[in-house]
Amino acid sequence: MRKEVVLITGANGEIGHGLITHLGQKDDVNVIALDVQPLDEKLKPYCYRFIQGDILDQMLLGRMVVEFEIRSIFHLASILSTKAEYNPETAHRVNVEGTLNLLRLAVEQSQWQGQSVKFIYPSSIAAYGLPDLETKNRAQKIKEDQWCQPITMYGCNKLYCEHLGRYYAANYRQLAADPGRSSIDFRALRFPGLISADTIPTGGTSDYGPEMLHAAAQGIPYRCFVREDTRLPFMAMPDAIKSLLMLHNAPKSALTQSVYNVTSFNPTALEIHDIVLSYFPSAEVTFKPHDSRQRIVDSWPGDIDDTAAQRDWNWQPDYDQDRAFSEYLIPAITKLYAQAPKPA
Ligand code: AKB
């Protein structure tokens, strides 16, 4: 008998940490974690098995099909927006071909099992692309089908993979004599910038929010790479995990679309600065915009409309801006760095 498992790719990433810690505590869930790097020691107790390997390694994925009965896939592995611009073709391989490989794995799993396999995909506000700042400031809350002209490789990858997921779920091999033998239940979330108390993101462009906070908590000066008036939607990590699980668990009959916005608060960089300074008054934060990264952030919406998620699967974040800082980020970060050795 093959073991029933939940597969999580990109296990070492920010979302991977939160999701594995959460799911790994449930008695009825066996987490298979996949990552190119060795697994963070802290995550090991929560995993049934860790596999070190690349989502581009088709042999490896093939062996997983043989060994496990994968009921759900949370495909978190990706190269984020800033890093992707340094090598767009590599980003395309990891973000698109990697996703294609996982969709293919889901198809094979579904064929073996004779039932549908859930595929949960974190997309991003990077899937949007507003042409200029004036349009961004005028646009207000953006719905899923508006302004989908991303200017980054990462954003193009995310948007295209949403389409791929929809294709695999609804039209895969539509000309085959028996196209209905496999079924993938593809569901995607468009995340805003995420802020975690436990981890600092790498390679993203919304990273200035979490970086500012983590630097302040460690007493390290921080130079913010966007202007003070830059506004983006953000969400605290526990809400990101909550939304992934809510979407995963929602009855299929309730879903009217396969891609949903989710968000919580949308401060400017200066507002994040002011909150951070109110908790860490001696923090040193300066603003020195990096023109190209600023341009990317200026193309992303200042706010997104998540009423479809609210309506279809009762989405509501637990943490608004005040609560995210006062009840989650500040207490957890203070504890984290009180335990950690001071930076040299
Ligand atoms: C990034 O900045 O690339 C990500 C994202 C907004 O998806 N955090």
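The values are calculated or read from the model by the stated rules, or taken from the named source; none is laboratory data. Just so you know, these numbers come straight off a predicted model, no measurement behind them. Virtual Cβ from ideal backbone geometry, glycine too; neighbours counted across all protein chains shown. These accessible areas exclude ligands, DNA and RNA; they are computed on the full protein's heavy atoms, side chains included. Shrake-Rupley method; radii C 1.70, N 1.55, O 1.52, S 1.80 Å.
Things to note:
- Heavy-atom accessible surface of segment 276-344: percent carbon and sulfur, 1.4 Å: 50 percent
- For a straight C-alpha distance cut-off of 24 angstrom, the lysines reachable from Lys83 (same-chain residues fewer than eight places away being disregarded) are Lys136, Lys158, Lys288.
- Oblate is the label for segment 267-344. Its Cα gyration tensor axes, ordered a ≥ b ≥ c, give a/c of at least 1.5 and b/c at or above a/b.
- Rounded to 5, the percent of DSSP beta bridges in the chain classed as antiparallel: 5 percent
- Folded to 0 to 90 degrees: helix 269-279 orientation relative to the chain principal axis, Cα: 70 degrees
- Global dimensions of segment 3-122 from alpha-carbon coordinates: Rg and Dmax equal 13.8, 42 Å.
- Full-stretch length increase - Gln113, Val29 - with 0.36 nm per residue and alpha-carbon distance subtracted: 28.5 nm
- Restricting the calculation to Cα atoms, segment 58-133 yields a radius of gyration followed by a Dmax of 15.2, 51 Å.
- Fraction of accessible area attributable to carbon and sulfur, segment 151-210 (%, probe 1.4 Å): 52 percent
- Accessible surface for segment 80-188, divided over its residues, is 48 Å² per residue with a 1.4 Å probe.
- Calculated accessible area for segment 195-344 comes out at 44 Å² per residue, all protein chains present (probe 1.4 Å; ligands, DNA, RNA ignored).
- Converting the Cα gyration tensor eigenvalues of segment 97-183 into ellipsoid dimensions via √(5λ) gives semi-axes, longest first, of 33, 12, 11 Å.
- Apportionment of accessible area to carbon and sulfur, segment 17-83, percent (1.4 Å): 50 percent
- C-alpha long axis of helix 208-218 to longest principal axis of the chain, angle in °: 60 degrees
- The C-alpha atoms of the chain define a longest principal axis, and helix 153-170 lies at about 30 degrees to it.
- Neighbour net charge for Thr9 - beta-carbon separation under 11 angstrom, K R +1, D E -1: -2
- Radius, Kirkwood style, for the chain when every pair of distinct Cα atoms is counted (Å): 20.7 Å
- Each Lys and Arg Cβ is given +1 and each Asp and Glu Cβ -1; about its Cα centre, segment 88-208 then shows a dipole of about 280 debye.
- Computed over the chain, the per-residue total of -39500 (n - 2.57) for DSSP H runs of n ≥ 4 gives a 222 nm mean residue ellipticity of -11500 deg cm²/dmol, rounded to 500.
- Shape analysis of segment 1-73 places it in the oblate category; the axes a ≥ b ≥ c from the Cα gyration tensor give an a/c of at least 1.5, with a/b not above b/c.
- Rounded, prolate or oblate (a/c below 1.5 giving rounded, otherwise prolate when a/b exceeds b/c) for segment 160-220 by Cα gyration tensor: prolate
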